[in-house]
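The values are calculated or read from the model by the stated rules, or taken from the named source; none is laboratory data. Note that the coordinates shown come from a computational prediction; the quantities given were computed from them, not determined experimentally. Quick reminder, even Gly has a Cβ in these numbers, built from the backbone with ideal geometry, and neighbours come from all protein chains shown.
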Amino acid sequence: MAVVYRCRECSHELYRFEKVGQDFYGVRTPSEISSIYGGKCPKCGRRLGVPGEDEIKVSFKKTKRLIRY
């Protein structure tokens with residue numbers, strides 16, 4: 001399952017974490033992502049902040065059905 005950070009305004013993808021071992025640090029926090037970009041979205045310039053509980057979205061993609069015997 002990927003962890004994706006997007007800009008609230010333009011939905012520009014700021015960061016994507018796909019799998020363990022992808023980088024040395026693991027999943028970055030919203031504060032770390034904000035500091036990487038100097039606190040602003042590189043596409044639209046909106047100020048980046050920490051998302052509230054109502055702004056966090058969790059979605060699952062369909063996978064093949066597992067057959068158990």
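The single condition from (1) out of contact with any helix residue (DSSP H, G or I) (no Cβ under 6 Å at 6 or more places or on another chain); (2) surrounded by 11 or more Cβ atoms within 10 Å (Cβ to Cβ) that Val20 fails is (2). All conditions in (1) surrounded by 12 or more Cβ atoms within 10 Å (Cβ to Cβ); (2) over 14 Å from the mean Cα position of the chain (by Cα); (3) of a type in the set (Lys, Arg) hold for Arg28, with the sole exception of (2).
Check Arg16, Arg68 and return the single one that is among the basic types (Lys, Arg) and not in a loop (DSSP other than H, G, I, E, B).
Arg16
Is at least one residue of region 40-54 surrounded by 10 or more Cβ atoms within 10 Å (Cβ to Cβ), over 13 Å from the mean Cα position of the chain (by Cα), in a helix (DSSP H, G or I) and among the small types (Gly, Ala, Ser)? Checking region 40-54: not a single residue is surrounded by 10 or more Cβ atoms within 10 Å (Cβ to Cβ), over 13 Å from the mean Cα position of the chain (by Cα), in a helix (DSSP H, G or I) and among the small types (Gly, Ala, Ser). Checking the structure you have, find out if any residue of region 16-33 is small (Gly, Ala, Ser) and at pLDDT below 90. Within region 16-33, one or more residues are small (Gly, Ala, Ser) and at pLDDT below 90.
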